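Below is one structure; the comments refer to it alone.
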Amino acid sequence: MRTKDFDEKEILRKAITLFWEKGYYATSLHDLIDVLEIGRSSIYHTFGDKHNLFVQAIELYQQEATAKIKSALENGESVKIVVKTVLQSIIDDVFSKCPKGCFKVNSEVEVASHDEMIRKLILDDNLVIETAFYQAILRGQLNGEINKSKNAEALARFICNTITGMRVYAKLRNDRQFFEDIVETTMTTLD
């Protein structure tokens, strides 16, 4: 049996970049072969098909991105500072490495409404992130940093919705102050 001459995670990262730039539907098998630099048979043998490759790319992307958010929210001393830092990181992404929006959000908009598997993957990941924000907000309410009269679950949902909205706008807006205003207004909801 022949061994693989490539690192699957590295291939998935290349696939993420390609799907992110072109979208799922516009990415052809020929594009995948060119960008991934592996043959058609290797793609099929390792990943099954284009859809399964896309699923695995989203899973890897979500694992890594969600782990960063969860870690920040679970380990930060000040909940408000951590929330602001997460929101600021979105702005930094928009103006550095992600002017094409967010791979996950792009996939949510393009594919999830037509593909139950992708929809479930994204919804499950969104719930993990929302729960991490919810737990952080509860912690902030317990230590007096966040207004206890506010609904922690509603705040977590609002912040998650704000993040998604910022990532959608990233595809259209190139105005840093626009995003800074969103962050500042979002932070007032925690007072």
Need the full-extension length gain, SER89 to PHE158, defined as separation in residues times 0.36 nm minus the C-alpha distance. One decimal, nm.
23.1 nm
Options (i) 35, 17, 14; (ii) 33, 22, 17; (iii) 29, 17, 15 are given for semi-axes √(5λ) of the Cα gyration tensor in Å, and the computed one is (i)
Length released on extending from ALA26 to ASP5, taking residue separation times 0.36 nm less the Cα-Cα span:
4.8 nm
If r is the Cβ-Cβ distance from VAL168 to HIS45 and R0 is 35 Å, what FRET efficiency results, to the nearest 0.05?
0.45
Distance from the range 87-143 to the range 3-35 (C-alpha centre basis), Å:
22 Å
Over 23 Å between C-alpha atoms is what I'm after, so list which of LYS104/LYS148; LYS68/LYS150; LYS14/LYS104 land there.
LYS104/LYS148; LYS68/LYS150
Backbone HN-Hα couplings from phi across the range 104-111 [Karplus 6.51/-1.76/1.60, Hz, Gly and Pro as x]
5, 5, 4, 5, 4, 6, 7, 10
Would you kindly find the accessible area of LEU12, with a 1.4 Å probe and non-protein molecules such as ligands, DNA and RNA excluded, rounding to the nearest 10 Å²?
20 Å²
Under Karplus coefficients 6.51, -1.76 and 1.60, residue-wise ³J(HN,Hα) of the range 8-24 in Hz, glycine/proline x
4, 5, 5, 5, 5, 5, 5, 5, 4, 4, 5, 4, 5, 6, 9, x, 5
In debye, nearest 20: dipole of the range 21-75 around its Cα centre with unit charges on the Cβ of K, R (+) and D, E (-)?
100 debye
Roughly how much of HIS114 is accessible, in Å² to the nearest 10, using a 1.4 Å probe?
140 Å²
Loop GluC sites (Glu not before Pro), the range 43-106 (other Cβ atoms within 10 Å of the site Cβ: 10 or fewer; DSSP)
GLU77
Once both label points are put 7 Å beyond Cα along the C-beta direction, the THR17-MET187 separation in nm becomes 3.4 nm
Would you calculate the separation in nanometres between label points at MET117 and GLU130, each defined as 7 Å from the Cα along the Cα-to-beta-carbon direction?
2.4 nm
PRE zone check, label point 7 Å out along Cα-to-Cβ of LYS100, amide N under 17 Å, scope the range 153-191, hits 167-173
What ranking of MET117, MET166 comes out by heavy-atom accessible area, probe 1.4 Å, highest first?
MET117, MET166
At 1.4 Å probe size, with no ligands or nucleic acids counted, give the accessible surface of ARG139 in Å², nearest ten.
80 Å²
Just want to confirm a number: the relative contact order over the chain, from Cα pairs under 8 angstrom separated by 6+ residues, in percent.
24 percent
Rank these by accessible area, largest first, 1.4 Å probe: LYS68, LYS84.
LYS68, LYS84
Can you figure out the FRET efficiency of SER78 with VAL109, using R₀ = 30 Å and their beta-carbon distance, to the nearest 0.05?
0.35
Can you run phi through the Karplus equation (6.51, -1.76, 1.60; θ = phi - 60°) for the range 47-52 and list ³J(HN,Hα) in whole Hz, with x for Gly and Pro?
10, x, 7, 4, 4, 5
LYS150's amide H: which non-local residues (gap 5+, or another chain) put their own amide H closer than 5 Å, with H modeled 1.01 Å from N in plane and none for Pro or chain starts?
none
Note on the range 89-191: contact order normalised by length, alpha-carbon pairs under 8 Å, 6 or more apart, percent, works out to 38 percent
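The values are calculated or read from the model by the stated rules, or taken from the named source; none is laboratory data. Here the structure is a predicted model, which means the values were calculated and not measured. All Cβ positions, glycine included, derive from the backbone under ideal geometry; neighbour counts span all protein chains shown. For accessibility, only protein heavy atoms count, side chains too; no ligands or nucleic acids. Shrake-Rupley method; radii C 1.70, N 1.55, O 1.52, S 1.80 Å.
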